[in-house]
1. What pairs can you find where one residue is in the range 120-133 and more than 14 Å from V5 (Cβ to Cβ), the other is modelled with pLDDT of 95 or more and part of a helix (DSSP H, G or I), and their Cβ atoms are less than 7 Å apart, with a gap of 6+ or different chains?
2. Could you run through the range 1-35 and say how many residues are in a loop (DSSP other than H, G, I, E, B) and small (G, A, S)?
3. Of all residues in the range 1-30, count the ones that are closer than 17 Å to V75 by Cα and touching a Leu at 6+ places or on another chain (Cβ under 6 Å).
4. If T62 satisfies every condition in (1) without any contact (Cβ under 8 Å) to a residue 40 or more places away in the chain; (2) touching a helix residue (DSSP H, G or I) at 6+ places or on another chain (Cβ under 6 Å); (3) over 26 Å from L214 (Cβ atoms) but one, which is the exception?
5. Does L70 meet the test of being surrounded by 15 or more Cβ atoms within 10 Å (Cβ to Cβ), in contact (Cβ under 8 Å) with a residue 60 or more places away in the chain and assigned to a helix (DSSP H, G or I)?
6. For residues that are in a loop (DSSP other than H, G, I, E, B), in contact with a Lys or Arg (Cβ under 9 Å, 6 or more places away or on another chain) and over 14 Å from V85 (Cβ atoms), tally how many sit in the range 37-64.
7. Suppose the filter is among the β-branched types (V, I, T), within 17 Å of G134 (Cα to Cα) and not in a loop (DSSP other than H, G, I, E, B); does V85 pass it?
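The values are calculated or read from the model by the stated rules, or taken from the named source; none is laboratory data. All values reported here derive from a predicted model rather than from experimental measurement. Cβ: placed from backbone, ideal geometry, glycine included. Neighbour counts: every protein chain shown.
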Amino acid sequence: MNGRVAIVTGASGGIGEAIAVAFAQEGARVVVTARRAGELERVVARIEAGGGSAVALTCDLTRESDIVELFAATVRNCGRLDVLVNNAGKQGPGATHELTLDFWNEVLAVNVTAPFLTSREAIKIMKAQDPQGGRIINIGSQAGITPRPNSLAYSTSKRALVGLTHSLTLDGRAYNVVASIINPGNTRTHTTGPKIPPGARDIMAPEDVARVALLMATLPPEVNLYEATLLPNTMPSFVGRG
């Protein structure tokens, strides 16, 4: 990825941080973005300590103006954009009959509307630059395929992300823009980690997901690994039936 520029949203920890580090290790200049400036600076320091290059730009993905400025600042700082990773997400369990409209709207704002807005801005840049084109990688979820109970808002949003990815890669063909989606199963992050015992076999490391994102990002321009479902091999759901 030498000479390439990537934006990774939700890069202050977990899967987003792992992807940012993996991209930087392969030579990309990485723009890490999230709301927590302190955590972003920690990620930048980690990348730079490993010899990589990164820029931290805070962004509230529920604000269109913040997103527009994020992409403008990326071009000002880095000159172009080759890869966008839509990783930021919001989740939270709740019985369907108890969900509030506010919570529903919050989940869809981060998980669906934000990837639409970031992808829109990315395509504007990728379409106009030379050489033309780039890649958009969306981080979906197994929940978008086989939901857990009481996950209506989250599962619906991740299923919608599949449709968004499909349309993006179809509409992007005219501009050499490729879109892909990764659907991870149980992955240890700052939200899931405390709930899973250390050494458990039915959970993946964020770095496992990052390896697939890196593969997608480094394929030849004419090749698209459109969709990847990544699971712990002993995860009981999805593959088997009870």
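1. I123/G172; I123/Y175; K127/Y175; Q132/M126; Q132/Y175
2. The number of residues fulfilling the criteria is 8.
3. Residues meeting the conditions: 2.
4. Every condition holds for T62 apart from (1).
5. Numbers: surrounded by 15 or more Cβ atoms within 10 Å (Cβ to Cβ): yes; in contact (Cβ under 8 Å) with a residue 60 or more places away in the chain: yes; assigned to a helix (DSSP H, G or I): yes.
Judged against the criteria, L70 is a match.
6. Just the residues of the range 37-64 that are in a loop (DSSP other than H, G, I, E, B), to begin with: 50-52, 57-63.
After this cut, where a residue has to be in contact with a Lys or Arg (Cβ under 9 Å, 6 or more places away or on another chain) as well, the list is 52, 58-61.
Checking the rest, the ones that are also over 14 Å from V85 (Cβ atoms) come to 52, 58, 60.
Total meeting the criteria: 3.
7. So V85 fits the description; yes.
This table checks each residue for (1) modelled with pLDDT of 95 or more; (2) over 28 Å from C78 (Cβ atoms); (3) out of contact with any Phe, Trp or Tyr (no Cβ under 7 Å at 6 or more places or on another chain).
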| position | (1), (2), (3) |
| --- | --- |
| I123 | yes, no, no |
| A128 | yes, no, yes |
| D171 | yes, no, yes |
| Y175 | yes, no, yes |
| I181 | yes, no, yes |
| G199 | no, yes, yes |
| D202 | no, yes, yes |
| P206 | yes, no, yes |
